[in-house]
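Okay, so here's the structure we're looking at.
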Amino acid sequence: MTTSSAPSNALILEIATLLTGIVLGTVAAALMVLFIIAAQPVSLPVTGLSGIFPADIQSALATQLQAMGLPLVGDSPAYWYLARVSALIGYFFMWQSILWGLLLSTKIVKTRISPALTFGIHEFLSLMGLGFAAFHAFVLLGDGYLKFGLADLLIPFHASFKPAAVGAGLISLYLYVLLVASFYLRKRIGQKVWRAFHYTTFLAYITVTAHGLLVGSDGSLVIVQVMYFAAATSVLFLVYYRILTGGKKPRPVAKAL
């Protein structure tokens, strides 16, 4: 009975993964489109929509765009908003990637889902986390308040603004780049080396959490505090569970029945 339900479970997970990818991909695309359009040094064509929207809606839309700092010229705060949003989304994906990796190491899902699908989900979450993290870093080049240069975003502890906290974020980003790159080098470096190198995930997690707590503008928000707490609790729980069950092999499904 359990064996026959395995294909249906895998199909459900594949569909859920596809839908999640579509939704999250749409969010990422929306952020990029917003950045590209707003970066143009001309006003957005709000007043040119008189044939589509009434005057009161045009005025409300123009006010909202101005409040968001659009277009991205002068001292627009929109760069800072984009950096904050992408940082939180990137942290969420990194957290989920770590959780999924720990679940794989504990073999909780390995007997129920095909190895290709489980590895694909882990890779997908990692790539999404890296993409948003990189966007978070380099969009700050346009921020007029911080005035980061390229060296500030490439050399740890070089920035004049909170160098320790910003440096921790860069270290976590570099570690994350290496971790994602290791997906494509696994066959060359071998499975044992790949697994051993993945322990640096915890260092990346600790440094990015420290970065968020020390320099993040949204750390005082309840929803962000809940996310940090949930991330730490779930990661610690699965690490503890992994230590307790590390030497045990999962029972075959047929025998478990």
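The values are calculated or read from the model by the stated rules, or taken from the named source; none is laboratory data. Not measured: the values here are computed from a predicted model. So basically every Cβ, Gly included, is an ideal-geometry build from the backbone, and we count neighbours across all protein chains shown.
Observations
- Verdict on LEU170 being within 22 Å of the chain's Cα centre (by Cα), touching a residue at least 40 places away in the same chain (Cβ under 8 Å), more than 23 Å from LEU102 (Cα to Cα) and outside any loop (DSSP other than H, G, I, E, B): no
- Count of residues meeting criterion [out of contact with any helix residue (DSSP H, G or I) (no Cβ under 9 Å at 6 or more places or on another chain), surrounded by 13 or more Cβ atoms within 10 Å (Cβ to Cβ) and either modelled with pLDDT of 80 or more or not in a helix (DSSP H, G or I) (or both)] in the range 203-257: 1
- Residue that is farthest from ALA87 (Cα to Cα) [pool: residues in the range 173-189 that are in contact (Cβ under 8 Å) with a residue 12 or more places away in the chain and hydrophobic (A, V, I, L, M, F, W, C)]: PHE183
- Residue tally, condition modelled with pLDDT of 90 or more and closer than 17 Å to VAL85 by Cα, over the range 137-165: 0
- Filter result for TRP80 (of a type outside the set (S, T, N, Q), within 14 Å of the chain's Cα centre (by Cα) and either surrounded by 21 or more Cβ atoms within 10 Å (Cβ to Cβ) or modelled with pLDDT of 80 or more (or both)): no
- Residue in the range 90-105 that is out of contact with any Ser or Thr (no Cβ under 8 Å at 6 or more places or on another chain) and not in a helix (DSSP H, G or I) present: no
- When LYS192 is tested against (1) assigned to a helix (DSSP H, G or I); (2) out of contact with any helix residue (DSSP H, G or I) (no Cβ under 6 Å at 6 or more places or on another chain); (3) in contact (Cβ under 8 Å) with a residue 12 or more places away in the chain, exactly one condition is not met: (3).
- Residue satisfying all of: in the range 130-165; assigned to a loop (DSSP other than H, G, I, E, B) and among the small types (Gly, Ala, Ser); surrounded by the most Cβ atoms within 10 Å (Cβ to Cβ) among these: ALA159
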